[in-house]
Amino acid sequence: MPRRKLIAGNWKMNKTASAGAQLVNDIKAQFECGCKGCENGPEVLVCPPFTTIAAVIEAAKGTCLQVGAQNIHWEESGAFTGEISGDMLNELGVSYVIIGHSERRQYFGETDETVNMRVKAALAHKLKAIICVGETLAQRMAGVTAAVIEIQVRKALAGLTEEDMANIVIAYEPVWAIGTGKVATEEEAEEVHKDIRALLKKLFACPCIAENTRILYGGSMNDKNAAGLLAQPDIDGGLIGGAALKPAAFAAIIKAAL
Ligand code: PEP
C-alpha cells in the first residue's frame, strides 16, 4: 500500500477566527476540496491558532479539509497558564496536533522530553501527532545532522508501541529552511528522510512501521519547489508555513501531491 500523502498547513500565530474562516473559503475556491476531489489525493490539513480552530472547522464543513492544533499539554488540567489540554482539543474536534515545532523548541523551551510527553498525551486523546525534528544550520555545517535527527526521533518516540505508530507522522524540518526561503535540495531532504525510515526499521520489530509511517518535509516548501520534493520516494507530504497562508500557492502544493 503506498503511503497517502499529507499536505499540512501550519498557520502559526496568524489569522483571527474571521480571517481564518475567510482563508478556508479562499482555499475552497481554489481547490475542489469537496470530498470527491480529495478521496484519491493527499490528505489536506490546516492547523490554525487555538482561537481560530472552531471557525475554521465550521468553514471546512462538507469538505475533506481536516483541522489540527499547534500544541497539546501532557496534563489533563491544572495550573499551566497558556497551555491547552487534550480534552479541550477533543471537544473542538481537531484530528491532528503539531508537536515539537522548532519555534516551540527555540522560543518556548520545548525539549525532546516534553515533546515525548506531548506525543503521549496526543495518543491518549486519539489525536494524530505530527512530530517535528530538524537540525540547525550550525549542526548541518558541523556534519552532525544525522546524529541530531536520530536523537530527536528516538526521544520523541520513546515508549511508543507499534500500534501507536499508526497515529504518528514525522516532519523533517531543517531549522535553517523554516521561514527563510532557503529550501533543502531534493537530495538533502531525501537523504534525511531515508535515514529516518532506516531508524524506524531499527526501532520497531515490524518492517511495516518504517514502510507505513509518513515523513513530511517542511521548510520553505512552496508552489515552485513542491513537485520536486514530493516526488522523492521517502517524502510523503509537506508541513507548510508561509505558503499555507496563500490560497493559490497552498492549492498548487496540494495539486503537486495528487
Ligand atoms: C513551518 O513552520 O513548519 C514551516 C515549514 O514554515 P515555512 O514553510 O514558512 O518555512
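Scanning the range 118-143 for residues being buried (at least 17 other Cβ atoms within 10 Å of the Cβ) and hydrophobic (A, V, I, L, M, F, W, C) gives a total of 10.
Considering the conditions (1) touching a Cys at 6+ places or on another chain (Cβ under 6 Å); (2) within 18 Å of Leu216 (Cβ to Cβ), Glu162 is excluded by exactly one of them, (2).
Test each condition in (1) under 26 Å from Ala177 (Cβ atoms); (2) of a type in the set (Ser, Thr, Tyr); (3) open to solvent by 60 Å² or more (accessible area, probe 1.4 Å) for Thr114 and report the one that comes out false. Going through (1) under 26 Å from Ala177 (Cβ atoms); (2) of a type in the set (Ser, Thr, Tyr); (3) open to solvent by 60 Å² or more (accessible area, probe 1.4 Å) one by one, Thr114 breaks only (3).
Within the set Ala184, Ala171, the sole residue that is closer than 18 Å to Ile98 by Cα, within 16 Å of the ligand (Cβ to nearest atom) and touching a strand residue (DSSP E or B) at 6+ places or on another chain (Cβ under 8 Å) turns out to be Ala171. Among the residues making up the range 57-70, a single one is modelled with pLDDT of 95 or more and among the charged types (D, E, K, R): Glu58. For the range 190-243, filtering for residues that are closer than 21 Å to Gly41 by Cα and within 16 Å of the ligand (Cβ to nearest atom) leaves 23. Within the range 40-50, not a single residue is aromatic (Phe, Trp, Tyr), open to solvent by less than 10 Å² (accessible area, probe 1.4 Å) and either in contact with a Lys or Arg (Cβ under 9 Å, 6 or more places away or on another chain) or modelled with pLDDT of 95 or more (or both).
Screening the candidates Ala54, Ala21, Ala8 for the property of being crowded, with 19+ Cβ neighbours inside 10 Å, assigned to a helix (DSSP H, G or I) and at pLDDT 95 or above yields one hit, Ala21.
Taking the criterion of being crowded, with 17+ Cβ neighbours inside 10 Å and farther than 17 Å from Glu43 by Cβ, the residues of the range 85-109 that qualify are Ser85, Gly86, Met88, Leu89, Ile99, Gly100, His101, Ser102, Glu103, Arg104, Arg105.
The values are calculated or read from the model by the stated rules, or taken from the named source; none is laboratory data. Here the structure is a predicted model, which means the values were calculated and not measured. Glycine also receives a Cβ, built like all others from the backbone with ideal geometry; neighbour counts cover every protein chain displayed. These area figures cover heavy atoms from the full protein model, side chains too; ligands, DNA and RNA do not enter into them. Shrake-Rupley method; radii C 1.70, N 1.55, O 1.52, S 1.80 Å.
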